[in-house]
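Structure first, commentary second.
The values are calculated or read from the model by the stated rules, or taken from the named source; none is laboratory data. Quantities reported herein were computed from a predicted structural model and do not represent experimental measurements. Using ideal geometry, Cβ is built from the backbone for each residue, glycine included, and neighbour counts are taken over all protein chains shown.
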């Protein structure tokens, strides 16, 4: 599984699915993307998406799951 994560912003305790519109240069068209983000809070997940895609708009949290860290090893 590939997910966005930035430990400098928030610890990765939950898995969020975030829907966002990403503006693509040079055509300035927007593409809807659903991204998996590992963060602790919904606002932290949106902050991580904005950090990775600065031209993103219309962020929406679709789902949230608590990570089971015992199965990660």
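Just so you know, in the range 32-69 the residues that are over 12 Å from the mean Cα position of the chain (by Cα) and surrounded by 11 or more Cβ atoms within 10 Å (Cβ to Cβ) include one that is modelled with the highest pLDDT, and it is 57. Residue 32 meets each of the listed conditions (1) in contact (Cβ under 8 Å) with a residue 40 or more places away in the chain; (2) more than 16 Å from residue 13 (Cα to Cα); (3) in a strand (DSSP E or B) apart from (1).
Within the range 10-22, the only residue that satisfies the criterion of being surrounded by 16 or more Cβ atoms within 10 Å (Cβ to Cβ), in contact with a helix residue (DSSP H, G or I) (Cβ under 9 Å, 6 or more places away or on another chain) and not in a strand (DSSP E or B) is 10.
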